[in-house]
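Remarks on the structure that follows.
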Amino acid sequence: MAPLRENSETPPLFTELFRDELTQLLRWRRDVRRFKPDPVPAEMIEELLDLACLAPSVGNSQPWRFVAVESAKARAAIRANFEAANAQALDGYQGEQAELYAGLKLSGLDMAPVQLAVFCDEQTLQGHGLGRQTMPETLRYSAILAVHTLWLTARTCGIGVGWVSILDPVQATKDLAVAEDWSLVAYLCIGWPEEEHHDPELIRHGWQDRSADCRKLEKR
């Protein structure tokens with residue numbers, strides 16, 4: 001990755017080409033679950049984290065906290081958590097839908113060389129409570145924006161990201177021995193994708209097509 005540029009006092013002019021490439025970035029941003037075992041250079045991860053911290057946050061609270069899950073013990077605990085949660089989720093489906101669910105690959109825990117747990121510091125003093133006294137959930141929204149920023153930035157480098165949400169967050173927080181005031185917002189698998197696709201895997205495997213309803217504009 002190229003070194004970060006110093007801030008400039010002159011606002012950038014984004015070209016039509018840049019806007020087109022941004023559209024392509026959004027379209028090709030995929031939830032990756034199939035990774036090559038090749039390692040990702042540590043300096044690339046550090047730069048992704050630097051850029052993730054440019055994400056907007058309520059009251060400039062910057063509540064995101066990143067934990068690198070590297071030890072065999074910690075990864076085994078997350079794997080056991082996922083398997084238990086996945087089995088419980090499967091029990092909620094019946095018939096053909098249960099069969100389809102059972103055949104889906106829902107995580108990259110087996111191969112992803114980098115795994116990051118992203119937490120929200122619920123009691124951070126940063127920001128002095130501005131903006132979140134009336135909507136405290138915006139603190140977690142801010143951490144999620146950091147995840148999204150990291151995700152898009154990773155894609156520009158050819159790095160894939162997968163979000164594992166089939167986890168018990170309370171158990172994961174205990175297993176990773178983080179501060180009690182931190183709450184899990186995302187568990188990310190990161191690495192070089194084994195394959196590239198324009199369409200989401202859940203569409204390709206018949207789980208759910210995109211809905212036009214999300215585009216509806218309500219007026220009041």
Original post:
Does residue 112 qualify as being closer than 26 Å to residue 26 by Cβ and part of a loop (DSSP other than H, G, I, E, B)?
Top reply: yes
Subject >> Within segment 60-77, considering residues that are of a type outside the set (A, V, I, L, M, F, W, C) and crowded, with 17+ Cβ neighbours inside 10 Å, the one nearest to residue 126 (Cα to Cα) >> reply: 61
Subject >> Lone qualifier among 92, 59 - being at pLDDT below 95 and over 20 Å from the mean Cα position of the chain (by Cα) >> reply: 92
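Please enumerate the residues belonging to segment 185-201 that are surrounded by fewer than 21 Cβ atoms within 10 Å (Cβ to Cβ) and within 20 Å of residue 138 (Cα to Cα).
Residues satisfying the conditions do not exist here.
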Original post:
Looking at this structure, is residue 101 free of Cβ contacts under 8 Å to residues at least 12 places away in the same chain, over 19 Å from residue 193 (Cα atoms) and surrounded by 11 or more Cβ atoms within 10 Å (Cβ to Cβ)?
Top reply: no
Subject >> Residue identified as in contact (Cβ under 8 Å) with a residue 60 or more places away in the chain and not β-branched (Val, Ile, Thr) among 109, 90 >> reply: 109
Subject >> Members of segment 193-207 found to be under 20 Å from the mean Cα position of the chain (by Cα), more than 14 Å from residue 34 (Cα to Cα) and not hydrophobic (A, V, I, L, M, F, W, C), listed by number >> reply: 198, 199
Original post:
Identify, please: which residue in segment 133-176 is among the hydrophobic types (A, V, I, L, M, F, W, C) and over 28 Å from residue 193 (Cβ atoms) and is, among those, nearest to the chain's Cα centre (by Cα)?
Top reply: 139
Original post:
Within segment 18-59, which residues are in a helix (DSSP H, G or I), among the hydrophobic types (A, V, I, L, M, F, W, C) and in contact (Cβ under 8 Å) with a residue 24 or more places away in the chain?
Top reply: 25, 26, 28, 44, 45, 48, 49, 51, 52, 58
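Return the total of residues in segment 75-87 being touching a residue at least 40 places away in the same chain (Cβ under 8 Å) and under 19 Å from the mean Cα position of the chain (by Cα).
6
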**OP:** Please give the number of the condition residue 127 fails out of (1) more than 20 Å from residue 186 (Cα to Cα); (2) of a type outside the set (A, V, I, L, M, F, W, C); (3) touching a Phe, Trp or Tyr at 6+ places or on another chain (Cβ under 6 Å).
**Re:** (3)
**OP:** Could you tell me whether segment 133-146 includes any residue that is assigned to a strand (DSSP E or B) and under 25 Å from residue 45 (Cβ atoms)?
**Re:** no
**OP:** Specify which of the listed residues (178, 161) is of a type in the set (A, V, I, L, M, F, W, C), assigned to a loop (DSSP other than H, G, I, E, B) and under 21 Å from residue 72 (Cα atoms).
**Re:** 178
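The values are calculated or read from the model by the stated rules, or taken from the named source; none is laboratory data. Please read these numbers as outputs of a predicted model, since none were measured by experiment. No Cβ is skipped: glycine too gets one built from the backbone with ideal geometry, and neighbour counts run over all protein chains shown.
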